[in-house]
1. How far apart, in nanometres, would the label points at Val274 and Arg251 be if each is projected 7 angstrom from Cα along the Cα-to-Cβ direction?
2. Classify the range 103-228 as rounded, prolate or oblate from the Cα gyration tensor: take a ≥ b ≥ c as the square roots of its eigenvalues, call it rounded if a/c is under 1.5, otherwise prolate when a/b beats b/c and oblate if not.
3. Would you work out which of Met162, Phe107, Ile40 lies farthest towards the positive end of the dipole of the chain? Charges go on Cβ: Lys and Arg +1, Asp and Glu -1.
4. Choose one answer from Pro237, Pro222, Pro135: the residue with the largest mean-square fluctuation in a GNM of the chain with alpha-carbon springs under 10 Å.
5. Considering only Thr73, Thr260, Thr203, give the residue with the highest GNM mean-square fluctuation for the chain, with springs between Cα atoms whenever their separation is below 10 Å.
6. What FRET efficiency comes out for the pair Gln76/Gln49, r = Cβ-Cβ distance, R0 = 30 Å, nearest 0.05?
7. Using a simple charge model, +1 on the beta-carbon of Lys and Arg, -1 on the beta-carbon of Asp and Glu, nothing else, what dipole does the chain show about its Cα centre, in debye to the nearest 20?
8. Using 7 Å Cα-to-Cβ label points, what is the Glu26/Glu92 separation (nm, one decimal)?
Amino acid sequence: MRDFLKHLNKYLFLFFLLLAATAQAEPLRVSGTGAAISTIKRIGEIYRQSHPELSFQFLLPPMGSSGAIKALTTDQLDLALTGRPLKKEEQEAGLIQEWVGHSPFVFVVHQDSPATHITQAQLADFYAGRQNSWPDGSRVRTILRPLADADTTLLKSISPAMREAVEQAHARRQPGSALAETDLDLANMVEKVPGGLGGVALTLILAEQRPLKGLILDGVEPTVDALDKKQYPYSKPLYLVLRQESPASLRGFVTFLRSTEGQALLRQNALSVVQP
């Protein structure tokens, strides 16, 4: 009888440990910028091989940076992936941000396109509508993001000519015509629209193995090395935003991203870990 109780207590102890582990492994809800969803998913799967207590549930379609931050404050998310830093009022709401890295912001075309290079002058001409074909005569169709979107702001920051060209492109756009609301929408449209051209973070293209290619801009290839050396000037940042009372498993993942292994994985997915 004594041996039976001893074994029973042992099995009960293991049972309750299993219950606790199951409770800890409840997936954490994640959304945010579509540019980073697949990248964090890939790295998270590698991390989970040695840390089974952490699992992510990626809510699709992506909510975008601002939408995910808002969902985080109302307890609809556990982690937001954002392409911008927190605003003062968002920090005051009890959120904290962790800078992860930044990825080259590249101008992409379908991989079958004959185009390989582009210049800032060509970009301005394409967006302004002054030119609609490559030198070989093949068609160009610029894909727009919403005017208030961070990627549109980045486009307009390239030069005064680009600012004017992007504003002209939006002014020409017919009501109801297609607009890429998210990073994923833009990648999808560039894939499907003949002659599609648009700007997106390189990490999305690599992580999702999209049939797209980044164009060499003004003679500089858009790589992480070029970003580190400040040869390629345009990039999109990635932040993890979480609540101050986030679970230890999530904080452990943030720590992992700062480790040697984590930093190597980020670079493999076209994220520079060198502060711009």
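1. With each label placed 7 Å out from Cα toward Cβ, I get 3.2 nm.
2. On the way: a/c = 1.24, a/b = 1.21, b/c = 1.02.
Rounded.
3. Positive-most Cα among the choices belongs to Ile40.
4. Evaluated over the chain, the most mobile residue of the options is Pro135.
5. Evaluated over the chain, the most mobile residue of the options is Thr260.
6. Numbers: r = 28 Å, r/R0 = 0.94.
After rounding to 0.05, the efficiency reads 0.60.
7. Values: 29 positive and 28 negative charges, 37 e Å.
Dipole size: approximately 180 debye.
8. Going from the Glu26 label point to the Glu92 one covers 3.2 nm.
Throughout, read-outs are computed from the coordinates displayed, never taken from laboratory work. What you are looking at is a predicted structure, and each value in this text was computed from that prediction instead of being measured. Because the Cβ atoms are built from the backbone with ideal geometry, glycine has one as well, and the counts that use them run over all protein chains shown.
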